[in-house]
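Below: one structure, written as structure tokens.
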Amino acid sequence: MSIEISLDSEIGALQTVVVHTPGQEMENMTPATAAEVLYDDILNLPLALSEHKQLTGVLTQVADVVELHDLLTDVLGRERVRRGLIEELTQLFQCPEVFTELVEMDPVQLARQLVQGTPKRPDSLEKYLHPSRYAIPPLPNTFFTRDATMCVNDRIVIGSMAYRARAAEALLLKAVFKYHPRLHSGGFYFDGTANPESEVTIEGGDLLVIREDLVVIGYSERTSVAGIDRLMRAIASQGPVTDFIVVEIPKTRATIHLDMIFTMVDRDKCVVFPPLITGNQRCRAFHCRFGSGEGARIEEFSDVLSALRAQGVELEPIACGGSDVFHQEREQWASGANFFAFGPGRILGYKHNIHTLEALSEAGFEVIDAADVLSRKNELPGSGRVVVSIDGTELSRGGGGCRCMTMPLARSGV
């Protein structure tokens with residue numbers, strides 16, 4: 001069955017979503033190599049799998065859940081695609097010696113190995129002495145499917161990743177969206193893999209689709225202002241988006257993307273990290289409007305909520321961590337503001353952020369344990385505001401939350 005790309009909000013009823021179940025790539029790290037792939041520590045795969053199974057189990061009850069591995073396997077069955085992708089990867093990591101080995105693999109094995117890592121063939125002294133065990137390194141960030149690809153309306157944005165460690169993910173996803181026979185879109189708004197300029201970076205955690213004509217973008221550690229300018233022009237030139245709100249956030253590990261401090265959870269509600277959204281350190285926002293044949297007209301606002309209000313989007317903020325600054329800081333670090341909506345007022349988040357869940361409960365959300373939903377001990381209500389809490393102590397140590405781990409392809413109207 002074909003999948004039509006259609007995404008004009010953050011909260012519309014979810015129809016199709018792409019996930020990646022963590023695999024051996026997560027355990028192909030050592031403490032010495034973790035930093036190279038943007039981790040603070042090594043993760044335990046069985047624990048991560050158990051937690052991720054709760055995420056996918058709940059999503060399967062409400063939408064079509066598609067595994068990235070299956071999509072990649074399908075496109076690697078086409079020889080021209082397989083050879084082209086392997087050539088790009090071996091050029092990126094300067095390892096032409098593994099080209100033949102990879103080309104001769106069957107698609108299932110190859111899809112797995114491209115994510116889990118390709119061992120090096122030390123055919124030179126330099127490669128022999130290099131501390132890495134891999135010609136093409138493992139991609140343990142792949143389960144954060146949000147970052148390398150973004151869907152906006154009926155089109156695709158391929159990320160221009162800030163770090164080389166994640167560049168391969170964008171190449172894999174470009175192949176999937178360009179060649180998979182089930183995926184139908186209006187084409188690419190932007191292909192970050194075709195752009196060699198290091199100052200142009202764009203990642204999906206910084207892009208939120210508010211409505212058909214309005215997008216919010218984070219100017220962050222991972223998304224540069226040059227990348228934002230390039231992306232806005234590319235999107236505005238093809239429509240129907242005409243308005244962008246750019247939020248300048250601190251360039252720190254805790255706030256790598258905008259969705260770590262701001263996510264929409266209902267038509268009129270959002271979860272925020274108060275110090276940077278509503279507090280004294282609030283991040284300024286810029287409304288950029290594009291007219292026919294014109295450059296952007298720019299207006300500055302004190303914060304993203306006031307900028308959205310000026311565009312007719314009135315949002316009530318719910319505090320990540322509740323009212324206590326100490327809990328806010330702790331829970332924001334543990335992805336407490338990073339929620340994924342599978343419908344208006346129907347969201348997924350981490351169970352360990354208890355003060356955030358209490359704040360959501362006070363705002364009218366029924367809090368349900370994912371384990372109870374999956375065991376049928378508690379039914380997922382068919383309507384009303386609800387937050388389904390999943391175990392995520394291990395997953396969150398990777399640096400992201402439920403929004404990070406989901407790439408929605410299609411939603412129905414809000």
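Read-outs: derived from the displayed coordinates by stated rules, not from any lab. Remember, it's a predicted structure, so these values are computed and weren't measured experimentally. Note: ideal-geometry Cβ built from the backbone for every residue, glycine included; neighbour counts use all protein chains shown.
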Selection of GluC sites (Glu not before Pro), segment 230-314, meeting DSSP coil and at most 11 other Cβ within 10 Å: Glu294, Glu314
Taking Phe273, Phe326, Phe188 and counting other C-beta atoms within 10 Å, the order from fewest to most: Phe326, Phe188, Phe273
Residues with amide H under 5 Å from that of Val414, placed H, sequence gap 5 or more: none
Gyration tensor verdict on segment 351-414 (Cα atoms; rounded if a/c is under 1.5, prolate if a/b is larger than b/c, oblate otherwise): rounded
Tensor-based shape of segment 1-84 (alpha-carbon gyration tensor, a/c under 1.5 rounded, otherwise prolate or oblate): oblate
Fully extended contour minus Cα-Cα distance, from Arg133 to Gln24, at 0.36 nm per residue: 37.8 nm
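Round to the nearest 0.05 the FRET efficiency obtained for Val325 and Arg121 when R0 = 41 Å and r is the Cβ-Cβ distance.
Approximately 0.20, to the nearest 0.05.
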HN-Hα J in Hz across segment 297-312 - Karplus 6.51, -1.76, 1.60, θ = phi - 60°, x for Gly and Pro: 9, 10, 10, 8, 10, 6, 6, 5, 5, 6, 5, 5, 4, 5, 9, x
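Provide the gained length on full extension for the span Ala371 to Ala194, in nm with one decimal, where the gain is 0.36 nm per separating residue minus the Cα-Cα distance.
59.4 nm
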Under the Karplus curve 6.51 cos²θ - 1.76 cosθ + 1.60, θ = phi - 60°, whole-Hz ³J(HN,Hα) for segment 84-89, x wherever Gly or Pro sits: x, 5, 5, 5, 4, 5
Radius 12 Å from Cβ of Gly84, net charge of other residues (Lys, Arg +1; Asp, Glu -1): +3
Virtual spin-label span in nm between Asn378 and Thr252, 7 Å along Cα→Cβ: 3.3
Cα→Cβ-extended label distance, 7 Å offset, between Ser302 and Lys53, nm: 5.0
Three-way shape label, the chain, alpha-carbon gyration tensor, a/c 1.5: prolate
Amide H partners (placed H, <5 Å) of Thr16, local residues excluded: Asp64, Leu409, Ala410
Distant-in-sequence amide H partners of Gly321 (H built 1.01 Å from N, under 5 Å): Thr356
Principal-axis tilt of helix 225-238 within the chain, Cα atoms, nearest 10 degrees: 80
Loop-located trypsin sites (Lys or Arg not before Pro) in segment 132-235 whose Cβ has at most 16 other Cβ within 10 Å (DSSP): Arg133, Arg182
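What percent do you get for the relative contact order of the chain when only Cα pairs under 8 Å and 6+ apart count?
22
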Whole-Hz ³J(HN,Hα) from phi, Karplus 6.51 cos²θ - 1.76 cosθ + 1.60, for segment 45-58, glycine and proline x: 5, x, 5, 4, 5, 4, 5, 5, 4, 5, 4, 5, x, 5
